[in-house]
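As structure tokens, the structure follows; a few thoughts come after it.
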Amino acid sequence: MNKPPNKLSKAAFMKMINGEAKSEDFEEDWRHENGNYQNSCIKCGCNFIGYKRRILCKLCAENV
């Protein structure tokens with residue numbers, strides 16, 4: 001069985017596994033000049049697209 005990423009709630013992890021989670025990308029950043037970078041989340045390791053200085057994906061940022 002998969003283990004939840006570090007400090008991600010069990011409910012958020014189950015949503016992620018079942019495909020019910022929101023996108024990890026920050027779509028609201030895309031219209032800005034530096035908002036279309038591919039980043040790697042320091043918490044769960046997922047890749048996401050957003051502002052170049054973001055360090056957490058949207059899912060992990062919502063569960064801080």
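The values are calculated or read from the model by the stated rules, or taken from the named source; none is laboratory data. Keep in mind that this is a model prediction, so the values were computed, not measured. Every residue, glycine among them, receives a Cβ derived from its backbone with ideal geometry; neighbour counts consider all protein chains shown.
Considering only region 13-33, I want to know if a residue exists there that is in a loop (DSSP other than H, G, I, E, B), modelled with pLDDT of 60 or more, over 10 Å from the mean Cα position of the chain (by Cα) and surrounded by 11 or more Cβ atoms within 10 Å (Cβ to Cβ). Yes, the conditions are met somewhere in region 13-33. Identify the single condition in (1) in a loop (DSSP other than H, G, I, E, B); (2) modelled with pLDDT under 90 that Leu56 does not satisfy, given that it satisfies every other one. Of the numbered conditions (1) in a loop (DSSP other than H, G, I, E, B); (2) modelled with pLDDT under 90, the odd one out for Leu56 is (2).
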